[in-house]
Amino acid sequence: MSATGPEPHIPVFRPWYDESEPAAVKAVLESRWVGQGPVVDEFERRFAERVEAGHAIAVNSGTAALHLACRCLDLQPGDEVLVPTLTFVATAHAVCYCGAEPVFVDIDPETLTIDPDDLQRSITPRTRAVIVVHYGGHACPMDRIWDVAEAHALTVIEDAAHACGSRYQSRPVGGLQRSAFTCFSFFATKNLAVGDGGMVTTPSADSATRLHSLRWMGIDRSSWERMGGNARGIRNCDDSRDACSSDDSDDRCKWQYEVADLGWKHQMNDITAAIGLQQLRKLERGNERRRRLTKRYDRAFARAGWLRTPIERDYTTSCCHNYVIRTAHRDRLHAHLDRAGIASSVHYVPLHLQPYYRGDDRRSLPIAETVWRRLLTLPLFPELTDDQQDRVIDAVLSLPDTGTESERRLAAEHERGDR
């Protein structure tokens, strides 16, 4: 309690905006072109450059990115796609949208990313692809995953919803050539936050062409192109002659287009892309602040024997999307922080335990089933001040490290499981 009243509430996530985002949106509104157009094109180009990707295709959500990546595989009923169980539900839903079946895979107990050994064990003759999730911004061990996938002719899709600005080895996530697609989310809680939006990157020109069509109803030319924006090989026609009857795609009128595929209305608009460009401009500064805050948490909690802090393997540089501790006192700590005006959350309940995916024939995934019960996400965002973080730290450390008998028993079980 401060001298003037209750301390302000501290959220788990908060997007970092300044005067540049409203100015960019204002410029788009004043242009009178607010749909998919030149600002989306620029955002795609700059994002591809940033992550060193061959192609980047902007969409209206991270879920749409995953959906279209799966759609490009032409999955059929009965096909299986391997998915880590500790992820947001969109990762699995995208597989179901395409008529295939997600098969859940256990996680590494330290990094919370997909376990390559269980991945190997989960492959069947019906397996077509694997979606890996860079949990919290910590990249998966991609070389091991690619080796397993290539040995079984599986396509690799990276779910990088948490990993905008992360690196694997010396390369940015999004530009790793052995993956067919990498899918980003720009939801309001993400490091690059536009409200709702996403991006698919790919090294394949053919895949990029198809993605551009699929995101806009299967149409081969956007409205911006048909209005003369960045269209190439398109001529004007006049009413005095039937110049638009040719089947030659390089000799069409501006208004002409073809529907070549069953697509969706998944495209991004210029308002969203304008915010994205400003967010991209300061992405690394925001991620550096996240890394500094992460180190402050690590130092503060180093001697708290009743909780464990996140780790970072030497093959990755995380963008530190979230800060997830582990404690047997998870629910009690969550309530304790709430009373102190500090938000916390859980990422995630394993998907194979959710009602929609829970079935009598489900596999046991013992690591995820144990670990998720002690995960707690603490506040982490670029505008989190040192003073606010100190409030979080003090509140966490003020929780007594002795709990109920059941909590002590659970803590002992967790310690045995970690060894």
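The values are calculated or read from the model by the stated rules, or taken from the named source; none is laboratory data. Quantities reported herein were computed from a predicted structural model and do not represent experimental measurements. Counting neighbours? That spans all protein chains shown, and the Cβs are built from the backbone with ideal geometry, glycine included.
Just the residues that are in a loop (DSSP other than H, G, I, E, B) and within 21 Å of the chain's Cα centre (by Cα), please, taken from region 324-356. Matches in region 324-356: Ser344, Val346, His347, Tyr348, Val349, Pro350, Gln354.
Checked against the criterion of being closer than 22 Å to Ala208 by Cβ and either among the charged types (D, E, K, R) or not assigned by TED's automatic domain parsing to the domain that holds Thr272 (or both), region 66-73 contains one or more residues that satisfy it.
Okay, residues lined up against (1) in the same structural domain as Arg171 (by TED's automatic domain parsing); (2) surrounded by 17 or more Cβ atoms within 10 Å (Cβ to Cβ); (3) out of contact with any Cys (no Cβ under 6 Å at 6 or more places or on another chain); (4) on the phi > 0 side of the Ramachandran plot:
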| site | (1), (2), (3), (4) |
| --- | --- |
| Pro109 | yes, no, yes, no |
| Thr113 | yes, yes, no, no |
| Ile131 | yes, yes, yes, no |
| Tyr135 | yes, yes, yes, no |
| Asp143 | yes, no, yes, no |
| Trp146 | yes, yes, yes, no |
| Val156 | yes, yes, yes, no |
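Those helices (runs of 4 or more DSSP H) of region 78-177 in which 2 or more residues are over 28 Å from Asp196 (Cα atoms) occupy 116-122, 142-151. Annotation note: Cβ proximity below 7 Å between a residue of region 206-224 that is under 18 Å from Trp255 (Cα atoms) and a residue that is acidic (Asp, Glu) and surrounded by fewer than 21 Cβ atoms within 10 Å (Cβ to Cβ) (sequence gap 6+ or interchain) occurs for Ser213/Asp220; Ser213/Asp261; Gly218/Asp261; Asp220/Glu258.
Considering only region 19-49, state which residues are assigned to a helix (DSSP H, G or I) and buried (at least 19 other Cβ atoms within 10 Å of the Cβ). Residues satisfying the conditions are Glu21, Ala24, Val28, Val39, Val40, Phe43, Glu44, Phe47, Ala48. Checked against (1) surrounded by 17 or more Cβ atoms within 10 Å (Cβ to Cβ); (2) at pLDDT below 95; (3) basic (Lys, Arg), Arg290 meets all criteria but (2).
Can you tell me which of Gly263, Gly359, Gly276, Gly305 is crowded, with 20+ Cβ neighbours inside 10 Å and modelled with pLDDT under 95? Break it down stepwise before answering.
Working: Gly359 fails: crowded, with 20+ Cβ neighbours inside 10 Å; Gly276 fails: modelled with pLDDT under 95; Gly305 fails: crowded, with 20+ Cβ neighbours inside 10 Å.
None of the other options fit; the residue is Gly263.
For (1) closer than 22 Å to Leu375 by Cβ; (2) of a type outside the set (Gly, Ala, Ser); (3) touching a Pro at 6+ places or on another chain (Cβ under 6 Å), each residue gets a yes or a no:
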position	(1), (2), (3)
Met142	no, yes, no
Ala163	yes, no, no
Cys183	no, yes, no
Lys190	yes, yes, no
Ala193	no, no, yes
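The set of residues in region 287-323 that are touching a residue at least 60 places away in the same chain (Cβ under 8 Å), closer than 13 Å to Leu378 by Cα and in a helix (DSSP H, G or I) comprises Arg290, Leu293, Thr294, Arg296, Tyr297, Phe301.
When the residues of region 362-404 are narrowed to those that are of a type in the set (S, T, N, Q) and at pLDDT below 95, which ends up surrounded by the fewest Cβ atoms within 10 Å (Cβ to Cβ)?
Keep residues of region 362-404 that are of a type in the set (S, T, N, Q), which gives 364, 370, 377, 385, 388-389, 398, 402, 404.
Subset that is at pLDDT below 95: 364, 402, 404.
Working: Ser364: 8, Thr402: 10, Thr404: 10.
Of everything passing the filter in region 362-404, Ser364 is surrounded by the fewest Cβ atoms within 10 Å (Cβ to Cβ).
Residues considered: Ala69, Ala24, Ala92. Of these, the only one that is within 22 Å of Trp216 (Cβ to Cβ) and small (Gly, Ala, Ser) is Ala69. Restricting region 158-187 to residues that are touching a Gly at 6+ places or on another chain (Cβ under 7 Å) and of a type in the set (A, V, I, L, M), the residue that is surrounded by the most Cβ atoms within 10 Å (Cβ to Cβ) is Ala160. Looking at region 121-128, is at least one residue touching a residue at least 12 places away in the same chain (Cβ under 8 Å), more than 21 Å from Ala65 (Cβ to Cβ) and either out of contact with any Asp or Glu (no Cβ under 8 Å at 6 or more places or on another chain) or crowded, with 22+ Cβ neighbours inside 10 Å (or both)? Looking through region 121-128, at least one residue is touching a residue at least 12 places away in the same chain (Cβ under 8 Å), more than 21 Å from Ala65 (Cβ to Cβ) and either out of contact with any Asp or Glu (no Cβ under 8 Å at 6 or more places or on another chain) or crowded, with 22+ Cβ neighbours inside 10 Å (or both).
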